[in-house]
Amino acid sequence: MPNLAPVVSEPSLKEHVHARGRDWVLYKGDSLDLLGRFEPQTFDVIFADPPYFLSNGGFTCQGGKRVPVGKGQWDASKGVEADHAFVKAWLAACQKLLKPSGTIWVSGTQHVIFSVGFAMQELGYKLLNTVTWYKPNASPNLSCRYFTHSTEILLWASPGAKGKLQHLYNYAAMKQENGGKQMRDVWALPKAGEEELRADGEGRLWSQLTPRKGEKALGGHPTQKPLRLLERVLEASSNPDAVVLDPFCGSGTTGVAAVSMGRRFVGIDMNDAYLDLSARRIKATR
């Protein structure tokens, strides 16, 4: 592990510190409040996995059983207009915090991602790519009246649409990782330890399941993302010692990827249990 500079520390947030190390810090509080306390242009990369507004009486399949979609009050919809206002507010706050060379990644399903994309356009972001992450082990559709939802969308954007683009993209590394061909915007990421799925020189897609038991050994989160997804995001759009922010850090996967890859990490969440889990997982990377 390189000798990193200390992580970003904002004095006005001192009372919100939940846990910290030399190169990472977790803050407890409402993102809309806390984001406004950082200095502008502080972060190189922001990864956001915001509420999808799914917890409103629906059902899904988990472990082969029909279970209600009830992730928590934070995931409950307040109506289309209120939900969009929330999305636009936190995106506006993040826009001010990105360096001109920085970028934001936002993950979502059809339930929220169109609101995110429209808000980005309203705010003047430059949409760089719409990345599709394919999940071969997606939950079956219980109603049998729709195609099975087996993808999530990641919108990748720079903070400004005008002028020459300044964002960082590690093109050569992504091309090398994809067998010498330009990496596509449809991702099927490799499962850890499965060498036969590595790039084969033909630009083949990679395969990645949703998080396995090993990634939840210290605890889990209902919307937890696989570590390999965050590693790819940071490989593509940041350099070592970059400062990475996750305003809805959940189980801390972004922090695990960032710290293990020599980046610095700032995470925000409202839930003590998830912040504790994030701290345990980040510390376990040492």
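Using θ = phi - 60° and the Karplus curve 6.51 cos²θ - 1.76 cosθ + 1.60, what whole-Hz ³J(HN,Hα) does each residue of region 155-167 get, with Gly and Pro shown as x?
8, 10, 9, 9, x, x, 9, 9, x, 5, 5, 10, 5
Using θ = phi - 60° and the Karplus curve 6.51 cos²θ - 1.76 cosθ + 1.60, what whole-Hz ³J(HN,Hα) does each residue of region 267-276 get, with Gly and Pro shown as x?
With coefficients 6.51, -1.76 and 1.60, one gets x, 10, 7, 9, 9, 4, 5, 6, 5, 4 Hz.
If amide H atoms are built 1.01 Å from N in the plane of the peptide, which residues on other chains or at least 5 residues away come under 5 Å of the amide H of Gly179?
Long-range HN contacts for Gly179: Gly201.
Within the set Lys14/Lys164; Lys88/Lys181; Lys162/Lys225; Lys126/Lys175; Lys135/Lys162; Lys28/Lys126, which residue pairs have Cα atoms separated by over 28 Å?
Pairs exceeding 28 Å: Lys14/Lys164; Lys88/Lys181; Lys162/Lys225; Lys135/Lys162; Lys28/Lys126.
Cβ neighbours within 10 Å, averaged per peptide: list 229-241, 143-155 in order, most packed at the top.
229-241, 143-155
Around Arg263, which amide H atoms from residues at least 5 apart in sequence, or from another chain, sit under 5 Å from its own amide H, with H modelled in the peptide plane?
Placed amide hydrogens put Asp241 under 5 Å from Arg263.
Say each of Cys144 and Lys78 gets a label point 7 Å from the Cα, pointing the same way as Cα to Cβ; how far apart are those two points in nm?
Each label point is offset 7 Å from its Cα along the Cβ direction, giving 4.0 nm.
Skipping prolines and chain starts, which residues have an amide H placed within reach, meaning under 5 Å, of the one on Val186, given they are 5 or more residues away or on another chain?
Here the answer is Thr132, since their amide H atoms fall under 5 Å of that of Val186.
Take the alpha carbon atoms of region 226-286, find their center, do the same for region 141-193, and report the distance between the two centers in whole angstrom.
Region 226-286 and region 141-193 have Cα centres spaced 18 Å from each other.
Here, each number is a calculation from the coordinates, and none is a lab measurement. Just so it is clear, the model here is predicted, and its values are computed rather than measured. Virtual Cβ from ideal backbone geometry, glycine too; neighbours counted across all protein chains shown.
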